[in-house]
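Read through the structure below, which is laid out as structure tokens, and then see the notes.
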Amino acid sequence: MDIQLDLVQSSALAMLLLAGGEYARRRIGFLHRFCIPAPVVGGFMFALLVLLLRQTNVAQIQLDTTLQTPAMVAFFTTIGLAGSLAMIKKGGKLLLMYLIACWSLAIMQNVIGMGMAKVVGVDPMLGIMAGAVALEGGHGNAAAFGPTAEAMGFEGATTVAIAAATFGLVAGSMLGGMSANYLVARHNIEIPHKAGVMGKIATAGAVIKEMAVGDSPKGSVATVTRSEEDTTENPSANYGSLLTVVVLLATLMVLGTVLGDWLSELTGLTLPAYVGAMIVAVIFRNVNDKFGWFKINDAAVDLISKFALGFFLTLAMMSLKMWELATLAGPLVIILVVQLAFILIFAVVVVFRMLGKNYDAATMVAGFIGHGMGAAPNALANMDAFNAKFGVRSERAFLIVPLAGAVLVDLVALPWIVWCMNLVG
């Protein structure tokens, strides 16, 4: 029996699964502890149901995912709006060092992915999907680049990318804090004074609770860097502020589509649909910061960002063809184990020393493993748990890690991923 859901039915089902995923992750300890995104919970369970119905010859379900691409572009446009140069300047030299580490990781993840793909006998494109696309990029990039790879003729790319991102999400959450604790004990790191910081720990926890993905696989900088003082200057969203942001995002998306098409023709590269919009949004954000044309309500941006991400990622998850993963499961596990071993060694041996071998550095290592294998909320959860153990929040880490892991890593990671995909495609 064939069941075909139209645009409205598929969209309504996606929203229902998104809401169900939110409900589940708030009440199931494992999902909450490891920051498993609600779209992954709801969408993945539906994908498993589709697989069961297909394998038992009961029914085959066809979905209309037309709205997935517009929602994806909208989400990445909101991420571009977070790319403020003023924020970058606050990070100073330590931010630059952390960024170099992030960029190096993205480069090496694709090198390892392509190399290990040849070793285990699968296509190098699938190695890229299990590299920077899924790991440094998270579920958002996995759902964005997977269809691009499939359009280039690589069947099962989205399924591989999503599976790899899920593995990374759990592994990064489990091992980030453990690695930071190891560094403190191994190097006998001095812990800063505890006086007057417990309230800040509570604030960090509140930020993570607010993000509780649903949010970004990488995390919205506007969300993760907002302090209690900032919220008084950025009132909650109302109809007027929401309408202003929607009009702005729609305009930037249109301009970004034109730019993306032009860049594709100019370079001859196959680019994901959101690249042009993200570039235009970054440019607009910084020009607007200088001239003050518009007052952008961060709360409205965050609401749109969370919904757009949740909607497009749920559609991507629920339309996964899980049966395509069967023949790739063994090779994929091997690639991911090697990726995990590399990031642990790189973080503990290299990144920790690059960042100064102190308490801030150990905290950032916890975050680095969290978003380098999973997502920005995992990075924040890792850092918050590690800092809470000692009662001292690393202010530098909570400024630098979300900013670098959410937006700035893409300055190198995205062109590198696109180049690698076109190289093997």
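The values are calculated or read from the model by the stated rules, or taken from the named source; none is laboratory data. Since the model is a prediction, treat every value here as computed from it, not as a measurement. Ideal geometry is used to build each Cβ from the backbone, glycine not excepted, and the neighbour counts take in all protein chains shown. The protein model used for the area step is the full one, side chains on, heavy atoms only, and it has no ligands, DNA or RNA in it. Shrake-Rupley method; radii C 1.70, N 1.55, O 1.52, S 1.80 Å.
Does the range 82-90 contain any residue that is within 30 Å of Ala361 (Cβ to Cβ), at pLDDT 90 or above and of a type in the set (Val, Ile, Thr)? Checked against the condition, which is being within 30 Å of Ala361 (Cβ to Cβ), at pLDDT 90 or above and of a type in the set (Val, Ile, Thr), the range 82-90 yields no hits at all.
Condition check ((1) modelled with pLDDT under 90; (2) hydroxyl-bearing (Ser, Thr, Tyr); (3) over 27 Å from Gly168 (Cα atoms); (4) open to solvent by less than 40 Å² (accessible area, probe 1.4 Å)) across all residues:
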| position | (1), (2), (3), (4) |
| --- | --- |
| Gln9 | no, no, yes, no |
| Ala12 | no, no, yes, no |
| Met15 | no, no, no, no |
| Cys35 | yes, no, no, yes |
| Pro39 | yes, no, no, yes |
| Phe46 | no, no, no, yes |
| Leu49 | no, no, no, no |
| Leu63 | no, no, yes, no |
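Of the residues making up the range 17-33, those that are open to solvent by 30 Å² or more (accessible area, probe 1.4 Å), in a helix (DSSP H, G or I) and modelled with pLDDT under 90 number 7.
I need the full set of residues from the range 244-261 which are touching a residue at least 12 places away in the same chain (Cβ under 8 Å) and open to solvent by 80 Å² or more (accessible area, probe 1.4 Å), in order please.
Leu255, Val258, Asp261
Right, Leu94: open to solvent by 10 Å² or more (accessible area, probe 1.4 Å), more than 12 Å from Ile335 (Cα to Cα) and of a type in the set (A, V, I, L, M) or not?
The answer is yes for Leu94.
Of everything in the range 369-425 that is among the small types (Gly, Ala, Ser) and touching a Leu at 6+ places or on another chain (Cβ under 7 Å), the residue that is surrounded by the most Cβ atoms within 10 Å (Cβ to Cβ) is Gly374.
Given the residues Ala117, Ala151, Ala142, Ala132, which is the only one that is farther than 18 Å from Gly374 by Cα, crowded, with 21+ Cβ neighbours inside 10 Å and of a type in the set (Gly, Ala, Ser)?
Details: Ala151 fails: crowded, with 21+ Cβ neighbours inside 10 Å; Ala142 fails: farther than 18 Å from Gly374 by Cα; Ala132 fails: farther than 18 Å from Gly374 by Cα.
From the options Ala117, Ala151, Ala142, Ala132, the qualifying one is Ala117.
All of (1) in contact with a Gly (Cβ under 8 Å, 6 or more places away or on another chain); (2) open to solvent by 50 Å² or more (accessible area, probe 1.4 Å); (3) closer than 27 Å to Leu175 by Cα hold for Ala273 with one exception: (3). Give me the residue from the range 66-81 that is of a type outside the set (A, V, I, L, M) and modelled with pLDDT of 90 or more and, out of that set, surrounded by the fewest Cβ atoms within 10 Å (Cβ to Cβ). The selected residue is Thr66. Selection of the range 92-129 for residues being within 30 Å of Thr363 (Cα to Cα) and basic (Lys, Arg) yields only Lys93.
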